[in-house]
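Some notes on the structure that comes next.
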Ligand SMILES: [Zn+2]
């Protein structure tokens with residue numbers, strides 16, 4: 001493992017010490033992303049946890065704020081969202097997150113799904129653009145979500161959607177399609193080209209590095225992260241090692257490492273710490289070593305990428321340090 005690195009996509013929603021001890025052991029810093037997820041604590045409570053962690057472990061944790069939809073359908077929805085963003089930034093957040101509930105959960109007065117390019121969000125994006133605030137987005141789902149279970153490319157998606165048929169879009173045909181989700185996100189980026197945007201989870205285009213590359217080319221103010229999607233890079237490396245390696249080298253300044261570990265108290269603290277350690281080592285091996293590996297998510301072996309040291313340093317440290325304002 002690198003002597004120091006940043007896990008730039010985590011959800012630290014508890015004050016347990018074990019993961020912080022592990023972070024000290026590895027000299028790791030965290031970007032914790034507060035998110036308006038129904039089964040998370042409120043955004044206010046997520047923030048309280050982060051502020052306490054920051055106080056106890058100075059310089060170790062940066063965080064991203066967000067806004068909720070309590071005022072959805074009311075005239076001052078956008079105004080209220082902006083007020084929440086301002087409050088988060090005042091408290092030290094380094095950016096704002098918009099989540100996939102936009103596109104899946106909200107409807108207009110005619111009962112149509114409201115997508116991220118809906119005019120209702122424009123005042124918010126205008127505010128973000130004018131004030132040069134970092135926006136990070138998780139729109140849509142992995143493409144597997146729209147496929148039957150047997151056609152899904154990785155077991156992690158297959159198991160998840162088997163257990164959650166309500167989120168399995170192949171079965172929920174009245175929801176927007178994968179293509180509509182991606183198009184809406186691209187429309188928003190076209191409309192607000194100055195926004196500095198992070199397309200989380202490989203822009204939700206994890207199945208094709210060519211599609212990810214297209215977004216990085218079309219939208220020069222964007223970056224991407226690999227959180228929870230490293231297995232999709234590994235799967236593509238199995239068949240086309242060269243292309244995945246070239247992708248990482250070509251976009252070495254635009255790719256950010258993160259695990260997406262959720263520390264919400266549902267898993268014992270020592271197991272969360274172990275999970276971090278296992279993922280960090282496994283992922284580092286994939287990007288940096290020249291081993292032959294297998295992944296739990298699919299069958300077959302693949303070669304590690306053996307990327308040059310300076311590329312590894314950017315993906316695992318420097319890119320996140322710059323964008324998320326860590327003290328180097
Ligand atoms: Zn996440």
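The values are calculated or read from the model by the stated rules, or taken from the named source; none is laboratory data. Worth saying up front: this structure is predicted, and the values here are computed from it rather than measured. Here the Cβ is made from the backbone with ideal geometry for all residues, glycine too, and neighbour counts use every protein chain on show.
For the stretch 39-57, a residue qualifies if it is in contact with a helix residue (DSSP H, G or I) (Cβ under 9 Å, 6 or more places away or on another chain) and under 21 Å from residue 198 (Cβ atoms), and the qualifying residues are 40, 43, 47. Applying the criterion of being in contact with a helix residue (DSSP H, G or I) (Cβ under 8 Å, 6 or more places away or on another chain) and not in a loop (DSSP other than H, G, I, E, B) to the residues of the stretch 191-209, the residue that is surrounded by the most Cβ atoms within 10 Å (Cβ to Cβ) is 203. Taking the listed residues 232, 283, 270, the one that is within 18 Å of residue 30 (Cα to Cα), within 16 Å of the ligand (Cβ to nearest atom) and assigned to a helix (DSSP H, G or I) is 283, with no other qualifying. Counting only residues that are free of Cβ contacts under 8 Å to residues at least 60 places away in the same chain and either within 12 Å of the ligand (Cβ to nearest atom) or touching a helix residue (DSSP H, G or I) at 6+ places or on another chain (Cβ under 8 Å) (or both), which one in the stretch 24-38 is farthest from residue 200 (Cα to Cα)? Looking at residues that are free of Cβ contacts under 8 Å to residues at least 60 places away in the same chain and either within 12 Å of the ligand (Cβ to nearest atom) or touching a helix residue (DSSP H, G or I) at 6+ places or on another chain (Cβ under 8 Å) (or both), I get 30. When you look at residue 243, is it surrounded by fewer than 23 Cβ atoms within 10 Å (Cβ to Cβ) and over 16 Å from the mean Cα position of the chain (by Cα), yes or no? Spelling it out, residue 243 is indeed surrounded by fewer than 23 Cβ atoms within 10 Å (Cβ to Cβ) and over 16 Å from the mean Cα position of the chain (by Cα). Every condition in (1) out of contact with any strand residue (DSSP E or B) (no Cβ under 7 Å at 6 or more places or on another chain); (2) touching a residue at least 24 places away in the same chain (Cβ under 8 Å); (3) not in a helix (DSSP H, G or I) holds for residue 227 except the one numbered (1).
When restricted to residues that are closer than 20 Å to residue 48 by Cβ and at pLDDT below 95, the stretch 72-89 contains 0. Among 182, 205, which is touching a strand residue (DSSP E or B) at 6+ places or on another chain (Cβ under 9 Å), farther than 25 Å from residue 84 by Cα and modelled with pLDDT of 95 or more? It is 205.
Scanning the stretch 120-161 for residues that are in a loop (DSSP other than H, G, I, E, B) and in contact with a helix residue (DSSP H, G or I) (Cβ under 8 Å, 6 or more places away or on another chain) turns up 133, 134, 138, 139, 140, 141, 142, 152, 153, 154. Being in a loop (DSSP other than H, G, I, E, B) and in contact (Cβ under 8 Å) with a residue 40 or more places away in the chain is a condition met by no residue of the stretch 162-172. Being within 16 Å of the ligand (Cβ to nearest atom) and in contact (Cβ under 8 Å) with a residue 60 or more places away in the chain is a property that holds for residue 264.
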